[in-house]
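The values are calculated or read from the model by the stated rules, or taken from the named source; none is laboratory data. Given the structure is predicted, the values throughout are model-derived calculations rather than measurements. As a convention, Cβ positions derive from the backbone with ideal geometry for all residues, glycine included, and neighbour counts pool all protein chains shown.
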Amino acid sequence: MTCIKCKALCLLPPAAPLVKRMETAGHLHFTMHGEECGLQSNGVTLPKRSCIQDAGVYHVQWRGFDGETTPGPDDEWRNPKKCVKPSSIISKKNLSDQMRYQVRVRARLGACQCGRDIPSEDYGFLKCADPNLPGGCLWTPWSAPSAVATPVAPPVAPVAPEASAAP
Ligand SMILES: [Zn+2]
């Protein structure tokens, strides 16, 4: 959004990602709001669509927590090695059914202009997105966190790893 008076660019945060529990135990899918694409469960294939350009990326953070309390708004978020492209599905497997999970997202609307996001370099985009480094690229604010999701409990009690290991 550009202000009609002062032309200042104001970036709105993306909507909170959507979370979907998969059939396999411990498996969650997160998608960007409004970016569902590919073959849907009703047999319809949706075209790729996104509000960011092809060279734009999403920075998805996730966190897992147990107990009843949800951490503070900026606490315990974990960074992935890489950003995700528009229309991506974020798949998290082997999650603990004792934990609850959620994600949040921010976006760079186009290609990296500052040169710090080197695609071959893990975590390189964090320097591109760091507001404390001068000359970085413009990123949207963080979205609201997604709904908190628990992975499906496994049908049988998991076997403790040490029970199957030979001494
Ligand atoms: Zn950059």
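Couple of notes before you dig in:
- Test: residue 48 is under 22 Å from residue 112 (Cα atoms), out of contact with any strand residue (DSSP E or B) (no Cβ under 6 Å at 6 or more places or on another chain) and at pLDDT 85 or above: no
- Annotation: of all residues in segment 106-126 being touching a residue at least 12 places away in the same chain (Cβ under 8 Å) and under 27 Å from residue 65 (Cα atoms), the one that is nearest to the ligand (Cβ to nearest atom) is 125.
- Filtered residue count, segment 77-100, keeping only those that are within 16 Å of the ligand (Cβ to nearest atom) and of a type in the set (S, T, N, Q): 1
- Figure legend. Inter-residue proximity from segment 128-148: first residues over 20 Å from residue 90 (Cα atoms), second residues small (Gly, Ala, Ser) and assigned to a loop (DSSP other than H, G, I, E, B), beta-carbon distance below 6 Å, spacing 6+ or different chains. Indicated pairs: 128/136; 130/136.
- The set of residues in segment 1-40 being modelled with pLDDT under 70 and crowded, with 16+ Cβ neighbours inside 10 Å consists of 37 alone.
- Condition broken by residue 103, with the remaining ones in (1) within 16 Å of the ligand (Cβ to nearest atom); (2) out of contact with any helix residue (DSSP H, G or I) (no Cβ under 6 Å at 6 or more places or on another chain); (3) β-branched (Val, Ile, Thr) satisfied: (1)
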